[in-house]
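The values are calculated or read from the model by the stated rules, or taken from the named source; none is laboratory data. Bear in mind the structure is a predicted one, so any value in this text is a computation, not a measurement. Don't worry about glycine lacking a Cβ; one is built from the backbone with ideal geometry, like all the others, and counts go over all protein chains shown. The accessibility values were calculated without ligands, DNA or RNA, using every heavy atom of the protein model including side chains. Shrake-Rupley method; radii C 1.70, N 1.55, O 1.52, S 1.80 Å.
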Amino acid sequence: MTDEETTPTESRGLSRRTIVQGAAWSVPVIAAAVALPLAAASVAATVEFVNGPYSVTGCGTLGDVVVRATTDGTTPVAAGTLITVTLPSGLTWEDGSSGPRVLPANGSGQVTLSGIQAGPAASNPVITASATGANASAPVSVAAASGPFAFYAIRNGQTSNGPFPGVPVGSTALGDRYYLTPDGTLLYADGTTAETIATGVTSAAMYVTADLRFIANYATSAGAFYVIRSGQTAGGQFPGVPAGSTPLGDRYWLTSDGTFLYSDGINPVETIATGVTNANGYVVPGDGRYIADYVTAAGAFFVIRNGQTAGGQFPGVPGGSTSMGDRYFLTPDGTLLYSDGINAVETIATGVTGASAYVTPDGRYVADYVTSAGGFYVIRNGQTATGPFPGVPAGSTPLGDRYFLTADGELIYSDANGSEVIATGVTSASTNILDDGRYIANYVVGGC
């Protein structure tokens, strides 16, 4: 019998030495499991704009913008790491382009953006940047460029022109001193100040009466209204004309569902036609008649109001044509037609890209139009004179009254003597003829 005893541990085949060794081996495993989340939390990459805030006056150049990227919030990314920068609408790169740019970081993990140009209008665009999975953004405060931006020009023996102060850049010229701003404010300008007629305006149209009243019809969410200027302050509502209608001028309105209305502001609104696709209202100089030409699927029609109820069809004008006003129509295939409602429709020209019609103070029905060969005019109402406008390039938009707006923003006036450049950088223009024979254009320039 031996006097050595076998311990319970030894009887399971596991010695004390083995237990100690196992414990020593297991400690690093526990430590690593605890440390891993801490290490992961410390390596998040970042992108930041480091020298903001940023501000600039419209049409100006923004100061240098510095973007920095890091691997962990502190350590710069390696030189050459690509950082993508995107400019929003209202900002452009120094060469006028606007697409995103991918730029390599320098040794400090930074890129410097130089020469960013601001547009003319007041805005708050946001520049964004991204790299290594991180993103950042920075707003830019753009103050509106200083004006003036709105002008007028008078031709036909007169050369006066001048600014309309107080009309902001980006406004739409409605003609005869009225402008609609980008935020829906309707302004009347007399050359000294700009007067606010209404806010929240969704659409507007204006016209000049035979007695030289400058009238605008306009719509807001509350309905339809009118205002009279040129020494008068009368204004009021057109009852029965729904909000969302489009004013065509001269008391006519086209609703969103294609109902064509006439309202004089006193009597109940009158439905002229339904299913109308487009229409054009105008005043005949001298006799005060309010006439509208309009188109439905059945063809083209006219109506006369202001104490008269005559109306009828223009035979031979196909449905789908566009009323140019004053008896002229442009078909979908680019054919310019003239119809007096009695005689057969007459083809004026083919391949027409744009046209504008108007009535002169002596009762002539004139259309200015453009084809691939340039600008032309035609006279009807007992006359057949036609001819080109020299110096008007193909692709121009005829505004009526001898004015054209070229594709690159040149406002041109043309008569038998040749073409004259009135202004460059024009974004919007509208024209009217006064009963005294003056050809007037109101226009807005881009500002930069």
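Points to keep in mind about this one:
- Qualifying residue in the range 203-214 (condition: outside any strand (DSSP E or B), β-branched (Val, Ile, Thr) and open to solvent by 30 Å² or more (accessible area, probe 1.4 Å)): no
- Filtered residue count, the range 439-448, keeping only those that are open to solvent by 20 Å² or more (accessible area, probe 1.4 Å) and either of a type outside the set (A, V, I, L, M, F, W, C) or touching a helix residue (DSSP H, G or I) at 6+ places or on another chain (Cβ under 6 Å) (or both): 2
- All positions within the range 252-263 that are hydroxyl-bearing (Ser, Thr, Tyr), open to solvent by 10 Å² or more (accessible area, probe 1.4 Å) and either under 24 Å from the mean Cα position of the chain (by Cα) or within 22 Å of ILE228 (Cβ to Cβ) (or both): THR255, SER256, TYR262
- Among the residues of the range 174-183, those that are open to solvent by 10 Å² or more (accessible area, probe 1.4 Å) and either part of a loop (DSSP other than H, G, I, E, B) or farther than 17 Å from PRO120 by Cα (or both) comprise LEU174, ARG177, THR181, PRO182, ASP183.
Conditions (1) open to solvent by less than 20 Å² (accessible area, probe 1.4 Å); (2) in contact with a Lys or Arg (Cβ under 8 Å, 6 or more places away or on another chain), marked per residue:
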position	(1), (2)
ALA373	no, no
ILE379	yes, yes
PRO398	yes, no
TYR413	yes, yes
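- Selected residue [out of contact with any strand residue (DSSP E or B) (no Cβ under 6 Å at 6 or more places or on another chain) and within 30 Å of GLY235 (Cβ to Cβ)] from ASN306, ASN280, ASN267: ASN267
- Among the residues of the range 304-322, those identified as open to solvent by 10 Å² or more (accessible area, probe 1.4 Å) and part of a strand (DSSP E or B) are ILE304, ARG305, GLY311, GLY312, GLN313, THR322.
For (1) surrounded by 22 or more Cβ atoms within 10 Å (Cβ to Cβ); (2) modelled with pLDDT under 90, each residue gets a yes or a no:
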{"site": "SER245", "(1), (2)": "yes, no"}
{"site": "ASP250", "(1), (2)": "yes, yes"}
{"site": "GLY265", "(1), (2)": "no, yes"}
{"site": "THR277", "(1), (2)": "no, no"}
{"site": "VAL283", "(1), (2)": "no, yes"}
{"site": "GLY286", "(1), (2)": "no, yes"}
{"site": "TYR294", "(1), (2)": "yes, no"}
{"site": "ALA297", "(1), (2)": "no, no"}
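- Annotation for the range 426-438: no member residue is assigned to a strand (DSSP E or B), open to solvent by 20 Å² or more (accessible area, probe 1.4 Å), closer than 19 Å to VAL370 by Cα and without any contact (Cβ under 8 Å) to a residue 24 or more places away in the chain.
- Single residue of the range 38-48 satisfying the filter (open to solvent by less than 60 Å² (accessible area, probe 1.4 Å) and in contact with a Ser or Thr (Cβ under 8 Å, 6 or more places away or on another chain)) that is modelled with the lowest pLDDT: ALA45
- Candidate set from the range 146-164 (those that are part of a loop (DSSP other than H, G, I, E, B) and surrounded by 15 or more Cβ atoms within 10 Å (Cβ to Cβ)); member that is modelled with the lowest pLDDT: ASN156
- Candidates SER137, SER130, filtered to the one that is in a strand (DSSP E or B), at pLDDT 95 or above, within 29 Å of the chain's Cα centre (by Cα) and not β-branched (Val, Ile, Thr): SER137
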